[in-house]
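Working notes, structure below.
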Amino acid sequence: MAVFLLVHGAMHGGWCWRRLAAYLQKDGHEVFTPTLTGMGERSHLLTRETGLYTHVDDLQGVLKFEDLSDVIVVGHSYAGLVIMQLAEAAFERIRHLIYLAAFVAKDGQSLFDIQTKATQEFYLDWSKRMGEGWRLPPSEAFLARWGVTTAEDLAWVAPRLTDFPMKCLFDKVNLKRRESDRLPKAYIHCTREPMASALKPFAENAKANGWRYGEIDSGHDVMVTEPKRLAELLTGMH
């Protein structure tokens, strides 16, 4: 059986993996679902200085204090950058990196750098108007973009979304050690719009570089909307 470390994306928290974790645990896997600093139940810790490297430190702490090794690390969306940076710091504890509908950066790039021009402009404007210029508050527009549409899912997800610090958008990855290149990697692409097109270049690049690859007919928040199918796909990839 495997050990999974599931890393959530922007505005979410460890809570978003609840349905998926239940399926993985039923199959005998060990599952860790930490909440990154400043989000979820740790939203009271959000500051202007909360950034990508804060979240890498969070995960290093989980690996150390839970004494984990041979871990399958799954990063959703923004967390694609977090897990690739984690690999630079904790290569020896990781078995496999799985990018779940995730952004993938090159050395010296930030999450902001790899967004479309329209998305960059939206983030800057939304942060300025609603987040004092340093945070991105959640809204119904984000939920629609992530494919969270049913009444049941909206009732679960919407009240739990929290502000996302802009510093996470602008912090650049430092991959000069290239440790993540030494690890087996996989990419799971969610094929429903509106996020599918934005992430397709990362999915195509993963395939071109020989990563293991899978697709699932779902919106972006697949762990919310299709947890059983996602569990099957993840267990078949490690």
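Key figures for this structure:
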| item | result |
| --- | --- |
| Overall dimensions of the range 1-79 by Cα: Rg and Dmax, Å | 12.6, 40 |
| FRET efficiency, LEU45 to ALA158 (Cβ-Cβ, R0 22 Å, nearest 0.05) | 0.55 |
| Cross-link partners of LYS185 among aspartates and glutamates (Cα-Cα below 19 Å; sequence separation of 8 or more within a chain) | ASP70, GLU88, GLU92, ASP107, GLU204, GLU215, GLU232 |
| The range 1-77: GluC sites (Glu not before Pro) in DSSP coil with no more than 15 other Cβ atoms inside 10 Å | GLU49, GLU66 |
| GNM top mover of ALA22, ALA105, ALA208 - the chain, alpha-carbon springs below 10 Å | ALA208 |
| Enclosed volume per residue, in Å³, of the convex hull spanned by Cα atoms of the range 120-188 | 139 |
| In sequence order, calculated HN-Hα J values of the range 216-225 (Karplus, 6.51, -1.76, 1.60; Hz; x Gly/Pro) | 9, 7, 7, x, 5, 7, 5, 5, 8, 8 |
| Magnitude of the charge dipole, the range 3-235, Cβ model with Lys/Arg +1 and Asp/Glu -1, debye to 20 | 340 |
| Cα radius of gyration and Dmax for the range 3-235 (Å) | 16.3, 47 |
| At least 27 Å along the helix axis (C-alpha) and Kyte average at least -1.0, DSSP helices within the chain | none |
| Cβ-defined net charge surrounding THR47, 15 Å radius [Lys, Arg +1; Asp, Glu -1] | -2 |
| Relative contact order of the chain, pairs being alpha-carbon contacts under 8 Å that are 6 or more residues apart, as % | 23 |
| Net charge over other residues, Cβ less than 13 angstrom from the Cβ of LEU154 (K, R count +1; D, E count -1) | -3 |
| At most 16 other Cβ within 10 Å, DSSP loop - trypsin sites (Lys or Arg not before Pro), the range 24-99 | ARG48 |
| CD proxy at 222 nm, helix term only [per DSSP H run n ≥ 4: -39500 (n - 2.57); per residue of the chain; nearest 500] | -11500 deg cm²/dmol |
| Proximal charge balance of GLY13 [Cβ under 11 Å; K/R count +1, D/E count -1] | +2 |
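Any read-out appearing in this document is the output of simple, stated calculations on the displayed coordinates, not a laboratory observation. This one's a predicted model, so the numbers in the text were calculated from it and none came from an experiment. Positions of Cβ are backbone-derived with ideal geometry, glycine not excepted, and every protein chain shown enters the neighbour counts.
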